[in-house]
Amino acid sequence: MIISFSSIREDKPAEKWKALFDRTWPQYKNWFLSEGYLARKGYLTSVTQLEKYMPELVPVYQLLLNLVGGGDLESRFLTMFSPPAYMSACSQVAWTSGSTSLIRNYDYSFKMFEGTMLYSNWLQPIIGMSDCTWGLLDGMNASGLAASLTFGGRKVTGDGFGIPLIIRYILETSTTVKEALGILSRVPVHMAYNVTLIDVSGEYATAYLSPDRAPVIVDSAVATNHQVEVEWTDYASLTDTIERKRHLEELVSSPNETEASVIRHFLHPPLYNTNFEKSFGTLYTIAYNVAQGTANIHWPEAEMKQSFSLFTENRVVPFSTSLRKGLIF
């Protein structure tokens, strides 16, 4: 099977979302049970935590459950409370020179990649990259707020939510960076992650999140795969997190760079990663221009342009023949 990339518009969860769930559930089920059935939190615990920390999403959650039949395993999975650990190696920058955009590379295993951009209107219009069927890897809402995640480079795990659902929650309920940071300060996360935010006013911030300590909010436009300092040296070396962050900081400080030129940098090393065999290949580059409401996806040999005003459902196979060998499973 060759990795493809699809864009879907469905205002409220219905047949299209159900098709996405049905296609991805077998692999998500295997992942969710990878440590055994009893390793995951029970239904009552999971739902209680969702009701406590993300009450606005509960009606959507109930609708999703009805669509998939409401089984115990599906119910626990969809809360995304204390799921198994997972890691990625991504780079992201809040860009404010000449435009107001969030630009990022998503580096991860193609075996757990949904390859789906979803335009939804659950609590407000959102365009974002789907993960765990209703979470988001990154996205932008119609209020002009964008958010993106990277793994934080720490081995620690704990009780908390998977970060894709937190990104979804931020974009469903917030309109500004300040409001989003308020959510990140109170919603527990199960692993270490970095979240970069930007809103239409040009305000930006990066939050270093961990399950064992309070969030650290920094006035930084860039994030890779470590937090205040490197704490997992082997992982840092494998993913070149220091080198990638330094490169992003140089781009931000250069008066000669534009959004277009920065996107080109994201399509080449050290930001672009071809380490697909170790699950850290760059699967896409995306630029959310929050002022224009556009979400443009880039690959070395293809691109897809979407926006709130013009969103087209389509499907592409973006990788070149030379890369497809590593993308068959």
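Taking the condition buried (at least 24 other Cβ atoms within 10 Å of the Cβ), at pLDDT 95 or above and assigned to a loop (DSSP other than H, G, I, E, B), does residue 153 pass? Yes: the conditions hold for residue 153.
Restricting attention to the range 60-72, the residues that are within 17 Å of residue 42 (Cα to Cα) and surrounded by 15 or more Cβ atoms within 10 Å (Cβ to Cβ) add up to 2. Checking each residue in the range 218-241 for being touching a strand residue (DSSP E or B) at 6+ places or on another chain (Cβ under 7 Å) and buried (at least 20 other Cβ atoms within 10 Å of the Cβ) picks out 221, 222, 223, 224, 225, 227.
Here residue 244 meets the list (1) buried (at least 18 other Cβ atoms within 10 Å of the Cβ); (2) at pLDDT 95 or above; (3) within 24 Å of residue 114 (Cα to Cα) almost entirely, failing just condition (3). The set of residues from the range 208-242 being polar (S, T, N, Q) and over 16 Å from residue 105 (Cβ atoms) comprises 210, 220, 227, 233, 237. Taking residue 30 as the residue in question, decide whether it is more than 22 Å from the chain's Cα centre (by Cα) and either of a type in the set (Asp, Glu) or assigned to a helix (DSSP H, G or I) (or both). So residue 30 does not fit the description; no. The number of residues in the range 260-282 being within 15 Å of residue 101 (Cα to Cα) and in contact (Cβ under 8 Å) with a residue 40 or more places away in the chain comes to 3.
May I ask you to list the residues in the range 177-196 that are of a type in the set (Gly, Ala, Ser) and over 18 Å from residue 138 (Cβ atoms)? Correct list: 182, 185. Among the numbered conditions (1) surrounded by fewer than 12 Cβ atoms within 10 Å (Cβ to Cβ); (2) within 28 Å of residue 297 (Cβ to Cβ), the only one that residue 18 does not meet is (1). Just one residue in the set 243, 257 is touching a residue at least 12 places away in the same chain (Cβ under 8 Å), over 15 Å from residue 87 (Cα atoms), charged (D, E, K, R) and touching a helix residue (DSSP H, G or I) at 6+ places or on another chain (Cβ under 7 Å); that residue is 257. Listed conditions (1) at pLDDT 95 or above; (2) under 20 Å from the mean Cα position of the chain (by Cα) are all met by residue 278, apart from (1).
Every residue, every condition in (1) among the aromatic types (Phe, Trp, Tyr); (2) in contact (Cβ under 8 Å) with a residue 60 or more places away in the chain; (3) touching a helix residue (DSSP H, G or I) at 6+ places or on another chain (Cβ under 7 Å), yes or no:
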position	(1), (2), (3)
121	no, yes, no
133	no, yes, yes
136	no, no, yes
141	no, no, yes
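The number of residues in the range 287-315 being of a type in the set (Phe, Trp, Tyr) and without any contact (Cβ under 8 Å) to a residue 40 or more places away in the chain comes to 1. Would you mind stating whether residue 7 is touching an Asp or Glu at 6+ places or on another chain (Cβ under 6 Å), at pLDDT 95 or above, in a loop (DSSP other than H, G, I, E, B) and buried (at least 16 other Cβ atoms within 10 Å of the Cβ)? It is false that residue 7 is touching an Asp or Glu at 6+ places or on another chain (Cβ under 6 Å), at pLDDT 95 or above, in a loop (DSSP other than H, G, I, E, B) and buried (at least 16 other Cβ atoms within 10 Å of the Cβ).
All of 252, 262 fail the test of being touching a Leu at 6+ places or on another chain (Cβ under 9 Å), over 17 Å from residue 149 (Cα atoms) and part of a helix (DSSP H, G or I), apart from 262.
Would you confirm, using the coordinates I've provided, whether residue 252 is crowded, with 16+ Cβ neighbours inside 10 Å, of a type in the set (Val, Ile, Thr), closer than 24 Å to residue 99 by Cα and more than 20 Å from the chain's Cα centre (by Cα)?
So residue 252 passes the test.
The values are calculated or read from the model by the stated rules, or taken from the named source; none is laboratory data. All of these numbers come straight from a predicted model, not from anything done at the bench. Using ideal geometry, Cβ is built from the backbone for each residue, glycine included, and neighbour counts are taken over all protein chains shown.
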